[in-house]
Amino acid sequence: MKNAPLYFPALFICLILTACNYTSKNDSNTLKLWYKQPAVVWEEALPVGNGRLGVMVFGDPLHERLQLNEESIWAGSRINNNNPNALKILPELQKALFANRYKDALKLADENFLGTPPRIRSYQPFGDLIIDYEWDGKPENYTRELNLKTGVATTKFYINGKQYIEEVFASSPDNMIVVHIKSADRGFINASLKLNREKDAVVKASGNTIYLTGQIIDEDDPKSGPGGDHMKFAGELRLVTDGTTVAENGILTVKKATEVTARLTAATDYNISMLDFDRSIDPSATCRSILDKTQNTPISKLKQSHLDEYRKMFDRVSLSFGNDSLSIKPTDERLAKVKKGGTDNGLIALYFQYGRYLLMCSSRVPAVLPANLQGIWNKDMKAPWNSDFHTNINLQMNYWPAEVCNLPETSKILASFMEKLTLPGSLTAKEMYGTDGWVLHHLTDPFGRTGVADGVWGITPMNGPWMTFPVYEHFLFTNDTSFLKSIAYPMMKGSAEFVLGFLVESPEGYLVTNPSHSPENKFRDNATGETSALTYAATTDVEIINALFDNCIEASKILAIDKEFASKLEAAKKRLPPVKINSKGVIQEWIKDYDEPEPGHRHMSHLLGLYPLAQFTPATPELFKAAEATITRRLSFGGGHTGWSRAWIVNLFARLQNGEKAYENLMALLGKSTLTNLFDTHPPFQIDGNFGGTAGIAEMLIQSHNGIIRLLPAIPEEWNTGEVKGLCARGGFIVDMRWNGGKLDKAKIYSVKGGKCSVIYNGDKKEIIIKAGEKKVLDF
């Protein structure tokens, strides 16, 4: 592994308040979330982010709150939580599971495999920037919007006939948030600004500056680990104004200003290369350094720098289903109509682009940590599920749209983080399982936790191999062999080495995982009536291992290395148990045809073979048919009741090339699991459903697994007309399409590096050779 550079996490915010002439443009609302009412609660607020930091903008023209997040402000510290008894007890646990002694196995696992400690601590908000305004009249004609085309959140209102316009945007190049307010006829701005944090911080003001310094103080907790003085953080706000400024009690008060500029930065002493805080880093010094660099940068350059970088990424993909006549209506009214059973293709296109926007905002440089359960937008000191990196579907789903939606930079953040996790993961593999390679279980945090977390349901050692899939997908979509050689393949090989060492022979003579778990689900043994979560060779494990080994074998051939290792994988694959169809005609979830205590369970891990993997296809008709029956059965018992689960179902039906069912579940995702600001809700808010929904829409439009590019494989009748540009296909291809009357009208395919591809539309297959930089028009 290459040594990572020292990391100085920073949140840098610039606030500019000016009073000047402004002329509004009546541009289209097609790519805007917009509302006529202020955001009163968090679920109505508009998110802004640049990868490292996030801001939720809400409030009203009198009292505005910008809730601030910085990606590395986490409670806790680095801990080796590998249970020291695990390796010694492993053979006994395996023997109990092979003998179907579930109670004995549960007791052994609970006492000897859970992490020491078993829980992590939470991601925390940085704090709030509060702006209280004093106007000489009552605000009227209020609107607010988030323009996805520019990444700018705008608030507009009138006071005494004068229009005030506030803009908020996140700049990745300058690592800042800019807030800019203008007024016609040079109206005065009177405002007070302050920084708040719920705990562990001290705020003071002097001259034109506000300082916030703090350190997370954790209490001892046998479940979460030792207490102590942990992550340090600091913030600094410098104010420039042509009015008067008074500092008092940590507040800066501005009077009769025509322009107010506040620059805010925050930093921690987290060091990604150490997966820990680093006492050689001074957060306050980091703040000073950042503010000094931008002291004389004008607002025009700050905004243009943001737009140049932002639009270069966002503009790669466009999607339209014809004229969006409903864009004149506020977004909350459009969503309410869908919740009542209405249709709105324009809202679907907006939702698709919103997912791309959210991924850009929570996983691009200057970020070093991937998008967590809430992206980067968290309001709670102790967040739901600690806002962690959940690795039994959620973190993987966060990156489903990354490659196909032409945002490959976002997945590189994930790959870099995963590369660092292999170091503590190799210790877990050796200490808990006695193997080579590396492993992690069902969640992790910025401190590199890889032991078993939460409870027995966290004993899921195949989550490590599962996390290699989005990393390998980056190679498959980009053909970047340098990335494959230096990052993806070493990570995959280490994961495969763990699996080879972990597999054990079952009573049936198969090589199996033991212990094993179909994430968060349980079964009932028909013979004994007992229920258990622990088993051996859950079907999802078999699918994951097949995919991991196939990926490693393919990569070794591409790189022309490790032929002997690839042969070992080939031999092991032949001894894995087969994926079976049970007595109900569905994909069997466990090693035996057990009963289901919860047939509508939210997790559908045994369908990984359908999506995102490609093991169940029309080329395997029995499994393909059984996969569809599996989804239908899950739904008939109330499945898909969480946002991310419903989003997964959209992708599954798209893979089945069932456009009507994919569309039906997409509308259910919007109607049942979407908040006013279009955030996904589990409930509560969880961002994976947004990313899964966006990926599902893309999967309905284009698929490229198993060496074939499929155009419009799952479009419903409701999408009779449309156009999409910039979607990516595996092999390094970019595709534009236009269709009319439900039929493909025009398609273009472009390749950066050149190559061969097979393209199918409506059963018609074409073999195409494209030169590097060439764009070909396809005639079907």
**Q.** Relative contact order %, the chain, counting alpha carbon pairs below 8 Å whose residues are six or more apart
**A.** 13 percent
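Tell me the per residue accessible area of the stretch 132-262 using a 1.4 Å probe; a whole number in Å² is fine. Numbers along the way, then the final one.
Values: 5580 Å² over 131 residues.
In whole numbers, the stretch 132-262 has 43 Å² accessible per residue.
Of all GluC sites (Glu not before Pro) in the stretch 484-552, which ones are in loop regions per DSSP and have a Cβ with at most 16 other Cβ atoms within 10 Å? Display every interim value, and only then the final one.
Values: sites: Glu497, Glu505, Glu508, Glu520, Glu530, Glu543; in loops: Glu508, Glu520, Glu530.
Counting only loop positions with at most 16 other Cβ atoms within 10 Å, the GluC sites (Glu not before Pro) in the stretch 484-552 are Glu508, Glu530.
Provide the gained length on full extension for the span Ala571 to Ile217, in nm with one decimal, where the gain is 0.36 nm per separating residue minus the Cα-Cα distance.
122.3 nm
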Q.
Show me the trypsin sites (Lys or Arg not before Pro) within the stretch 369-470 that DSSP assigns to loop and that have at most 15 other Cβ atoms within 10 Å of their Cβ.
A. Lys382
Q | Length gained when the stretch Lys743-Lys771 is fully extended (0.36 nm per residue, less Cα-Cα span) | A | 7.3 nm
Q | Cα-based reach from Lys743 at 21 Å (exclusive), listing lysines while leaving out same-chain residues under 8 positions away | A | Lys661, Lys725, Lys765, Lys766, Lys776
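Find the Cα radius of gyration of the stretch 404-491, compare it with 2.2 N^0.38 Å by division, and give the number to two decimals.
Details: Rg = 13.6 Å, N = 88, 2.2 N^0.38 = 12.1 Å.
Against the compact-globule rule of thumb, the ratio is 1.13.
If you roll a 1.4 Å probe over the chain with all protein chains in place, what percent of the accessible area is carbon or sulfur? Walk me through the numbers on the way to the answer.
Working: 13940 of 28170 Å².
C and S atoms contribute 49 percent here.
Please report, in debye to the nearest 20, how large the charge dipole of the stretch 533-615 is about its Cα centre when each Lys and Arg carries +1 at its beta carbon and each Asp and Glu carries -1 there.
Working: 10 positive and 12 negative charges, 52 e Å.
I would put it at about 240 debye.
Counting other C-beta atoms within 10 Å, and keeping those with at most 16, which DSSP coil GluC sites (Glu not before Pro) do you find in the stretch 83-171?
When the GluC sites (Glu not before Pro) of the stretch 83-171 are filtered for loop state and at most 16 Cβ neighbours within 10 Å, Glu134 remain.
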Q) With each label point set 7 Å from Cα along the Cα-Cβ vector, what nm distance links Lys312 and Ile251? A) 4.3 nm
Q: Read phi for every residue in the stretch 521-537 and hand back ³J(HN,Hα) as whole Hz from Karplus 6.51 cos²θ - 1.76 cosθ + 1.60, θ = phi - 60°, with x for Gly and Pro.
A: 9, 10, 10, 10, 6, 4, 6, 9, x, 6, 9, 7, 9, 7, 7, 10, 6
**Q.** Rounded FRET efficiency, nearest 0.05, which uses the C-beta distance separating Thr620 from Asn208 and R0 of 51 Å
**A.** 0.15
**Q.** Formal net charge of residues neighbouring Leu275 (Cβ-Cβ distance under 12 Å; K, R +1; D, E -1)
**A.** -1
Q: For every other residue with a beta carbon closer than 11 angstrom to the beta carbon of Gly115, add +1 if it is Lys or Arg and -1 if Asp or Glu, then tell me the sum.
A: +2
Q: Nearest 5 is fine: what % of DSSP beta bridges in the chain come out antiparallel, could you say?
A: 95 percent
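At 222 nm, what helix-only mean residue ellipticity would the chain give, in deg cm²/dmol to the nearest 500, using -39500 (n - 2.57) for each DSSP H run of four or more? Mind showing how you got there, number by number?
Values: 17 runs with 228 residues, N = 780.
The helix-only estimate for the chain comes to -9500 deg cm²/dmol at 222 nm.
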Q: Give me the distance between the Cα centres of the stretch 591-665 and the stretch 62-131, rounded to whole Å.
A: 28 Å
**Q.** Estimated vicinal HN-Hα couplings, Hz - the stretch 703-716 in sequence order (Karplus 6.51, -1.76, 1.60; Gly, Pro = x)
**A.** 9, 8, 7, 6, x, 10, 8, 10, 9, 6, x, 8, 8, x
**Q.** Distance in nm between pseudo-label sites at Glu660 and Phe780 (7 Å out along the Cβ direction from Cα)
**A.** 2.0 nm
Q) Can you pull the three principal axis extents for the Cα set of the stretch 82-122, in Å, largest first? A) 38, 18, 11
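Applying 1/(1 + (r/R0)^6) with R0 = 25 Å to the Cβ-Cβ distance of Lys584 and Asn100, what FRET efficiency is obtained, to the nearest 0.05? Numbers along the way, then the final one.
Values: r = 21 Å, r/R0 = 0.84.
Given R0 = 25 Å and the Cβ-Cβ separation, E is 0.75.
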Q) So which lysines pass the test for Lys412, namely a Cα distance under 16 Å, with those fewer than 8 places away in the same chain ruled out? A) Lys2, Lys420, Lys485
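On average over all directions, what projected area in square nanometres does the chain have, based on the convex hull of its Cα atoms?
Values: hull surface 127.8 nm².
Projected over every direction and averaged, the Cα hull of the chain covers 32.0 nm².
The values are calculated or read from the model by the stated rules, or taken from the named source; none is laboratory data. Keep in mind that this is a model prediction, so the values were computed, not measured. Using ideal geometry, Cβ is built from the backbone for each residue, glycine included, and neighbour counts are taken over all protein chains shown. Accessible surface areas use protein heavy atoms only, side chains included; no ligands, DNA or RNA. Shrake-Rupley method; radii C 1.70, N 1.55, O 1.52, S 1.80 Å.
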